[in-house]
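> Submitted below is the structure of interest, expressed as structure tokens.
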Amino acid sequence: MPGALAGQVAIVTGAGRGIGRAVALALAAEGAAVALAARTRQQLAEVAAAIHEGGTGRALAVPTDVTQDSAVEALVEQVVGEWGRLDLLVTAAGVASFGPVAGAKPTDWDAMLAVNLRAVMVCCRAALGPMLRQRRGTIVTVASVAATRPIPGCAAYAATKAGVVAWSRVLAEEVRRDGVRVGVVAPGAVDTPLWDQVPGAPPRDRMLRPEDVARLVVAMAALPPHATLEEVTLLPAGGLL
């Protein structure tokens, strides 16, 4: 039987690892054609190979630096040129650095602002072109529980994720009548490579798995056009943020 997303075309940023990789695999397993966007060619090639081996979806690896506006525009153009449409965008690319504000340098925040917030805005804008023409599409942005809960050491990271939530809320209102849905997933701690360089990280075995977030993204994307799931907070059951 065809999957819930058969015939749909998706772009997933940050698709080489972590949440983005899990989302890309889950979308492909439901029959979507998935464009994989990230900076690391080898990681994208591995994800594309896994999708092809699964036999349920199609994959297109497009090495992309989402902080470069022209690269994002080229990504959307290539996907539409290859597959003729764009039904789903998932912005899962993200970076993080943690520490108290008093000990930080403003330059420490630049990468997070560029990747976690500005790139999300640019990707959404680029995806709107084909979606508005189709009068149908779904955008899912990946934020964080840090956007709404004060976690010491996360001020700059939280600011970028709060910006994603605010952006998504307004964008949802702007495009609602044009048939485009915008939703936000705000997970708590997820066991991804992001934590590899974080000293004193919470226990990894108590965190969410990337696949948990991916299941939620699939559910949002698979809703019928008359329904929308706009904001979801997903937490580890053990109480860990």
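> For the stretch 190-220, which residues satisfy the criterion of being at pLDDT below 95, on the phi < 0 side of the Ramachandran plot and assigned to a loop (DSSP other than H, G, I, E, B)?
D191, T192, V198, P199, A201, P202, P203, M207
> What tally of residues in the stretch 6-19 results from selecting those that are under 15 Å from V190 (Cα atoms), not β-branched (V, I, T) and not in a loop (DSSP other than H, G, I, E, B)?
Here is the first cut: in the stretch 6-19, the ones under 15 Å from V190 (Cα atoms) are 14, 17-19.
Now restrict to residues that are not β-branched (V, I, T): 14, 17-18.
Applying the additional criterion that residues be not in a loop (DSSP other than H, G, I, E, B) yields 18.
Qualifying residue count for the region: 1.
> Quick check on my filter: what residues within the stretch 113-149 are outside any helix (DSSP H, G or I) and buried (at least 21 other Cβ atoms within 10 Å of the Cβ)?
Quick first cut of the stretch 113-149, residues outside any helix (DSSP H, G or I) only: 135-144, 148-149.
If the condition is that a residue be outside any helix (DSSP H, G or I) and buried (at least 21 other Cβ atoms within 10 Å of the Cβ), then G137, T138, I139, V140, T141, V142, A143, S144 are the ones that fit.
> Which count do you get for residues in the stretch 185-222 that are in contact with a Ser or Thr (Cβ under 8 Å, 6 or more places away or on another chain) and either free of Cβ contacts under 8 Å to residues at least 12 places away in the same chain or open to solvent by 30 Å² or more (accessible area, probe 1.4 Å) (or both)?
The number of residues fulfilling the criteria is 0.
> Going by the conditions given, is P152 open to solvent by 20 Å² or more (accessible area, probe 1.4 Å) and either of a type in the set (F, W, Y) or in contact with a Gly (Cβ under 7 Å, 6 or more places away or on another chain) (or both)?
On the way: open to solvent by 20 Å² or more (accessible area, probe 1.4 Å): yes; either of a type in the set (F, W, Y) or in contact with a Gly (Cβ under 7 Å, 6 or more places away or on another chain) (or both): no.
No; evaluated as a whole, the condition is false for this residue.
> Give me the residue from the stretch 1-28 that is open to solvent by 40 Å² or more (accessible area, probe 1.4 Å) and closer than 16 Å to A92 by Cβ and, out of that set, nearest to the chain's Cα centre (by Cα).
R21
> Given the condition more than 21 Å from A222 (Cα to Cα), open to solvent by 50 Å² or more (accessible area, probe 1.4 Å) and either in contact with an Asp or Glu (Cβ under 9 Å, 6 or more places away or on another chain) or in a loop (DSSP other than H, G, I, E, B) (or both), answer yes or no: does some residue in the stretch 35-47 qualify?
The answer is yes, given that some residue of the stretch 35-47 is more than 21 Å from A222 (Cα to Cα), open to solvent by 50 Å² or more (accessible area, probe 1.4 Å) and either in contact with an Asp or Glu (Cβ under 9 Å, 6 or more places away or on another chain) or in a loop (DSSP other than H, G, I, E, B) (or both).
> Could you check D110 against (1) surrounded by fewer than 17 Cβ atoms within 10 Å (Cβ to Cβ); (2) at pLDDT below 95; (3) not polar (S, T, N, Q) and say which number it fails?
All conditions are met except number (2).
> Can you tell me which of A28, A22 is in a helix (DSSP H, G or I), at pLDDT 95 or above and touching an Asp or Glu at 6+ places or on another chain (Cβ under 7 Å)? Explain how you work it out, then say what you get.
On the way: A28 fails: touching an Asp or Glu at 6+ places or on another chain (Cβ under 7 Å).
After applying the criteria, what remains is A22.
> Another question, then. Can you confirm whether V79 is of a type in the set (A, V, I, L, M), touching a residue at least 24 places away in the same chain (Cβ under 8 Å), surrounded by 18 or more Cβ atoms within 10 Å (Cβ to Cβ) and in a strand (DSSP E or B)?
Values: of a type in the set (A, V, I, L, M): yes; touching a residue at least 24 places away in the same chain (Cβ under 8 Å): yes; surrounded by 18 or more Cβ atoms within 10 Å (Cβ to Cβ): yes; in a strand (DSSP E or B): no.
Judged against the criteria, V79 is not a match.
> Have a look at G153, G129, G183 and point out the one that is more than 30 Å from V9 (Cβ to Cβ) and out of contact with any Lys or Arg (no Cβ under 8 Å at 6 or more places or on another chain).
It is G153.
> Let me ask something additional. Which of the residues that make up the stretch 164-182 are open to solvent by 20 Å² or more (accessible area, probe 1.4 Å) and not basic (K, R)?
Hits for the stretch 164-182 are A166, W167, V170, E173, E174, D178, G179.
> So is A104 hydrophobic (A, V, I, L, M, F, W, C), at pLDDT below 95 and over 19 Å from the mean Cα position of the chain (by Cα) or not?
Numbers: hydrophobic (A, V, I, L, M, F, W, C): yes; at pLDDT below 95: yes; over 19 Å from the mean Cα position of the chain (by Cα): yes.
So A104 fits the description; yes.
The values are calculated or read from the model by the stated rules, or taken from the named source; none is laboratory data. Given the structure is predicted, the values throughout are model-derived calculations rather than measurements. Positions of Cβ are backbone-derived with ideal geometry, glycine not excepted, and every protein chain shown enters the neighbour counts. Surface areas here come from the heavy atoms of the whole protein model, side chains and all, with no ligands, DNA or RNA. Shrake-Rupley method; radii C 1.70, N 1.55, O 1.52, S 1.80 Å.
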